[in-house]
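Novice: The structure's right below; bear with me while I get my questions together.
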Amino acid sequence: MSSYNIALNFEDGVTRFVECNAGEKVLDAAFRARINLPMDCSDGVCGTCKCRAESGQYDLGDDYIEDALSDDEKNSGLVLTCQMVPQGDCVIAVPASSHACKTGQSRFAATVSKVEQHNDAAVVLELEVEATAPAFLPGQYVNIDVPGSGLHRSYSFSSAPGESRISFLIKKIPNGVMSTWLESAQPGNKVELTGPLGSFYLRAVQRPLLFLAGGTGLAPFLSMLEVLARADTQQKVHLIYGATRDLDLVQVDAIESYLEKLPNFTYSTVVASTDSAHPRKGWVTQHIPAEALNDGDVDVYLCGPPPMVDAVRKYFDDNGLKPNSFHYEKFTPNAAPGTP
Ligand code: FES
């Protein structure tokens, strides 16, 4: 019997994946996995189980009443999980915390398989997960415990879901706890991770995509590009990758490889420093081609340090640019204020 993977993204950012058998309702599949989604009647009458389907094919049947879910709500992507029968993998945003649904973050162990230093800019960290490959949505992050510190730091996956070898692109911070540990980390070292987390993830692709990355904010886009390539996505995808200095542009070869793997993929790199010898200088917003905005019929994803994210959002507002959707994530080097 076939089954589908259903991602439940709770409002606190925690994501849990449940397996839903063909013909099974999401509410029942979640219950089997000991996740108590909001519900009351379980009969399509009360509307308590209303959630938003972010992507995927499903059937709602016609056994529910209009008071529980109106046609307008249905057409806008709202669903009743007590009626929803998936017909493929789905992502569902649940308007309740994971705690309220009696679930929480998953924890898993991994072993360091590679530590690749990129001068003083960044580190590529590869880990081999000991149990099954962790499920996550491309764009999401995990908390990695920094061995011996009692602290954790949050990093977006730069690898695609479904692999036991996972990777991260980590910004080097002078005296930062993770950066310091990475200076001596060796293949074979053990780490513990918690997640996946986050609401910054690739939604169903229905129009051209514009990706704007700042520094190591490139990581989630590498994960998304791999997923798009595997799905043989035909939509246009344009990535602009900005960095402060020339040597902060890392993993450009990984981006370059998608020119072959994704039929309508284009990208450019930009460097902000006035000392740069790079052919394109300035900010990512100065290098957005008009065609990449597609007259607003575009989904924009933005990830970078807070000042960059704020500047790009302001640029869109100031210039009256209203894309179909705008998703962003600010990455901050420290998980807890006041700690290095
Ligand atoms: Fe009442 Fe789904 S639980 S409509």
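The values are calculated or read from the model by the stated rules, or taken from the named source; none is laboratory data. If you're wondering where the values come from, they're calculated on a predicted model, not measured in any experiment. Ideal geometry is used to build each Cβ from the backbone, glycine not excepted, and the neighbour counts take in all protein chains shown. Protein only, heavy atoms only, side chains kept; ligands, DNA and RNA dropped before computing areas. Shrake-Rupley method; radii C 1.70, N 1.55, O 1.52, S 1.80 Å.
Novice: Looking at PRO263, PRO307, PRO279 in this structure, which one is free of Cβ contacts under 8 Å to residues at least 24 places away in the same chain and part of a loop (DSSP other than H, G, I, E, B)?
Specialist: On the way: PRO263 fails: free of Cβ contacts under 8 Å to residues at least 24 places away in the same chain; PRO307 fails: part of a loop (DSSP other than H, G, I, E, B).
When all the criteria are applied, what remains is PRO279.
Novice: List the residue pairs whose Cβ atoms are under 6 Å apart, where the first residue sits in the stretch 223-240 and is of a type in the set (Gly, Ala, Ser), the second is surrounded by fewer than 18 Cβ atoms within 10 Å (Cβ to Cβ), and the two are 6 or more positions apart or on different chains.
Specialist: Sorted first by the residue in the stretch 223-240, then by its partner, the pairs are ALA229/LYS261.
Novice: If you go through the stretch 242-256 one residue at a time, do you hit one that is assigned to a loop (DSSP other than H, G, I, E, B), over 22 Å from the mean Cα position of the chain (by Cα) and within 24 Å of GLU116 (Cα to Cα)?
Specialist: Here is the first cut: in the stretch 242-256, the ones assigned to a loop (DSSP other than H, G, I, E, B) are 244-245, 249-251.
Still in the running and over 22 Å from the mean Cα position of the chain (by Cα): 244-245.
Imposing the further condition that a residue be within 24 Å of GLU116 (Cα to Cα) reduces the set to 244-245.
Within the stretch 242-256, one or more residues are assigned to a loop (DSSP other than H, G, I, E, B), over 22 Å from the mean Cα position of the chain (by Cα) and within 24 Å of GLU116 (Cα to Cα).
Novice: Also, quick follow-up: Please determine, by comparing only the residues of the stretch 24-34 that are at pLDDT 95 or above and open to solvent by less than 60 Å² (accessible area, probe 1.4 Å), which one is nearest to GLY198 (Cα to Cα).
Specialist: ALA30
Novice: From the list PHE326, PHE316, which one is hydrophobic (A, V, I, L, M, F, W, C), more than 30 Å from VAL146 (Cβ to Cβ) and open to solvent by 30 Å² or more (accessible area, probe 1.4 Å)? Explain how you work it out, then say what you get.
Specialist: Values: PHE316 fails: open to solvent by 30 Å² or more (accessible area, probe 1.4 Å).
Of PHE326, PHE316, the one residue that is hydrophobic (A, V, I, L, M, F, W, C), more than 30 Å from VAL146 (Cβ to Cβ) and open to solvent by 30 Å² or more (accessible area, probe 1.4 Å) is PHE326.
Novice: Could you list, in sequence order, all residues of the stretch 78-93 that are open to solvent by less than 10 Å² (accessible area, probe 1.4 Å), of a type outside the set (Val, Ile, Thr) and either within 17 Å of ARG203 (Cβ to Cβ) or within 22 Å of the chain's Cα centre (by Cα) (or both)?
Specialist: PRO86, CYS90
Novice: State whether one or more residues within the stretch 56-77 are away from the ligand (no atom under 11 Å from the Cβ), closer than 23 Å to SER98 by Cα, under 22 Å from the mean Cα position of the chain (by Cα) and touching a residue at least 60 places away in the same chain (Cβ under 8 Å).
Specialist: Yes - at least one qualifying residue is present in the stretch 56-77.
Novice: Moving on. Taking SER106 as the residue in question, decide whether it is touching a residue at least 60 places away in the same chain (Cβ under 8 Å) and crowded, with 16+ Cβ neighbours inside 10 Å. Walk me through it before giving the result.
Specialist: Numbers: touching a residue at least 60 places away in the same chain (Cβ under 8 Å): yes; crowded, with 16+ Cβ neighbours inside 10 Å: yes.
When the stated conditions are applied, SER106 passes them.
Novice: Do you know which of the residues in the stretch 280-299 that are of a type outside the set (Phe, Trp, Tyr) and in contact with a helix residue (DSSP H, G or I) (Cβ under 8 Å, 6 or more places away or on another chain) is nearest to ARG245 (Cα to Cα)? Steps first, answer last, please.
Specialist: Taking the stretch 280-299 as the starting set, the residues that turn out to be of a type outside the set (Phe, Trp, Tyr) are 280-282, 284-299.
Applying the additional criterion that residues be in contact with a helix residue (DSSP H, G or I) (Cβ under 8 Å, 6 or more places away or on another chain) yields 280, 284-285, 298.
Values: ARG280: 12, VAL284: 13, THR285: 17, VAL298: 29 Å.
Here the residue is ARG280.
Novice: Has the stretch 144-152 got at least one residue that is assigned to a loop (DSSP other than H, G, I, E, B) and free of Cβ contacts under 8 Å to residues at least 12 places away in the same chain? Before you say what the answer is, go through the steps one by one.
Specialist: Applying the first criterion (assigned to a loop (DSSP other than H, G, I, E, B)) to the stretch 144-152 yields 147-150.
Pick out the ones that are also free of Cβ contacts under 8 Å to residues at least 12 places away in the same chain and you get 150.
Within the stretch 144-152, one or more residues are assigned to a loop (DSSP other than H, G, I, E, B) and free of Cβ contacts under 8 Å to residues at least 12 places away in the same chain.
Novice: Kindly indicate the residue of the stretch 38-52 that is open to solvent by less than 10 Å² (accessible area, probe 1.4 Å) and at negative phi and also farthest from the chain's Cα centre (by Cα) among those meeting that condition. Before you say what the answer is, go through the steps one by one.
Specialist: At the first step, the residues of the stretch 38-52 found to be open to solvent by less than 10 Å² (accessible area, probe 1.4 Å) are 44, 49, 51.
If we keep only those that are at negative phi as well, we get 49, 51.
On the way: CYS49: 25, CYS51: 19 Å.
Only one residue fits best here, namely CYS49.
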